[in-house]
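First the structure, in the form of structure tokens, and then the observations on it.
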Amino acid sequence: MANSEHPSTSGIPDALDFSMSVIFSQHEEIVAHGYCVLYRARRYGRWFVLKGLQPEHRHDPLYMAMLEKEFNMLTALDHPNIVHLYSHEVDAVAGPCIVMEYVDGRTLTDFLEEKPSLTARRRVTMQLLDAMSYYHSRQIVHRDLKPSNILITRNGDNVKLIDFGLADGDDYAVLKEPAYTEGYAAPEQKTPGATVDCRTDLYAFGVLLRLIFSHRFRYIAHRCTCTSPDGRYPSADAVKRALHRRDQRVWLGWITAVLIIAICTFLAFPKKHPHPIPPIETTQNEVTDTPAGLLIDSGGMDTTQKTEAKINKHYSVSLDREKAEMKRYSDSLTSDVRQQMDNIVDKQIATALVGKVEIQLSIKVMEQMSGIRARNETQWDSCWHELHDIQADATKVMNTDIEARLWPETREENAEKELERLVAEMKQLNNRFQALYRTVMQHHGDHFVK
């Protein structure tokens, strides 16, 4: 039986747990590969990772320079999805080493074996792209993206990108030899003297994308792994936009499928004593908070900044004009529908009418987007989402009106023909919408001011 008066059972921690020695202790070898060895060691009551050289390489100037280069690379980086660097020291066990954050996690391979949800996999993908975009903006290329260099934390499933041992930067004139892992390396990595830039990492990302999503984003993965760098996306941010647009297409495809099912349901209704069906509902994309316009205070700016501020203000005003036009159009259609409902005594006909108007609103959004001249991707996306929000609000008002009315349980004699007429109109409008959508997305980049 435990003694409740003993300190070990009273919740009082052992003083040894709070040793403040600057010397690392309790070294545990994590892995040894190539010229490096990694230890987990303890200091200040915390765990750290010490990355040093194998004993036989500790006095080799080449390997010392490689370790120094990795240290210099990491000192330029401070990102939540990249392992954090603390110092460069000489340890009694690890020898000359760099001291880094200890990550309690598992590799990307182990994470995927747990069969994570689609949401979790997409989160990991976006965090990896965020990290890539960050270090690319510092003119650094990782050159060794692979599952074992991507840790996923056990607490929160967050990405921690590690091992910049083969990384390279624009300002380095030494240690430029080809370096890669077979299966993840872009063709140019294997050619001495070939240009290596951010697109080299995108090749490896394309391979990883196929592992994370075996059946989704195949076109994006294919373009990332194009043999020629010129055929790949120009940046990690461009890949993020492509993934976002792909999700939008999936969403619109889902909405179209729902519409088709609703149409078939209308046509399949029995002519006598039908059961009412729920109204067609649409779900808007989950969007990030994007400002409606970028208004800049020009006080104290130079000529270039003032010009940029005027341009951004112009596009803010343009967006306000587009929103006002969409609001007028949606209010007009909504008003017409509500007036027509006063003469409709069949809930299915009213629901079909709202479905028709919803497609008309979608067409209006596409028509306006086809004429937008945005300054950048953020402004274009802002207009896209705000116009869709107006459409969603109008649809909600009409569906709420339907649910608030008392509809008769029996159908009118001419209800079947009226439904068939509305369904035919919906099909024609949907075809027009799909054509407009494809045109807008195909020429999406052309809508930016060059």
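The values are calculated or read from the model by the stated rules, or taken from the named source; none is laboratory data. Computed from a predicted structure; not experimentally measured. For neighbour counting, all protein chains shown are included, and Cβ atoms are generated from backbone atoms with ideal geometry for every residue, glycine included. Ligands, DNA and RNA are excluded from the accessible area calculation, which covers all protein heavy atoms including side chains. Shrake-Rupley method; radii C 1.70, N 1.55, O 1.52, S 1.80 Å.
Condition check: open to solvent by 40 Å² or more (accessible area, probe 1.4 Å), modelled with pLDDT of 85 or more and more than 30 Å from Thr395 (Cα to Cα). Does Arg241 satisfy that?
no
For the list (1) part of a loop (DSSP other than H, G, I, E, B); (2) open to solvent by 40 Å² or more (accessible area, probe 1.4 Å), I need the number of the one condition that Arg143 fails.
Status for Arg143: all satisfied but (2).
Say we look at the range 183-195 and pick out the residues that are open to solvent by less than 40 Å² (accessible area, probe 1.4 Å) and in a loop (DSSP other than H, G, I, E, B); which of these is modelled with the lowest pLDDT?
Top of the filtered list is Ala194.
Which one of these is open to solvent by 40 Å² or more (accessible area, probe 1.4 Å), of a type in the set (Gly, Ala, Ser) and modelled with pLDDT of 75 or more: Ser382, Ser370?
Checking each option against the conditions leaves just Ser370.
Filter the range 83-98 down to residues that are open to solvent by less than 50 Å² (accessible area, probe 1.4 Å) and either among the small types (Gly, Ala, Ser) or part of a loop (DSSP other than H, G, I, E, B) (or both) and give me whichever is farthest from Met64 (Cα to Cα).
Top of the filtered list is Val83.
Output the residue which, of all residues in the range 53-82 that are more than 14 Å from Asp168 (Cβ to Cβ) and polar (S, T, N, Q), is surrounded by the fewest Cβ atoms within 10 Å (Cβ to Cβ).
Thr75
Results for (1) basic (Lys, Arg); (2) crowded, with 21+ Cβ neighbours inside 10 Å, shown as yes or no for each residue.
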site	(1), (2)
Gln139	no, no
Ser148	no, no
Arg154	yes, no
Val159	no, yes
Leu166	no, yes
Thr181	no, no
Asp197	no, no
Gly206	no, yes
Tyr219	no, no
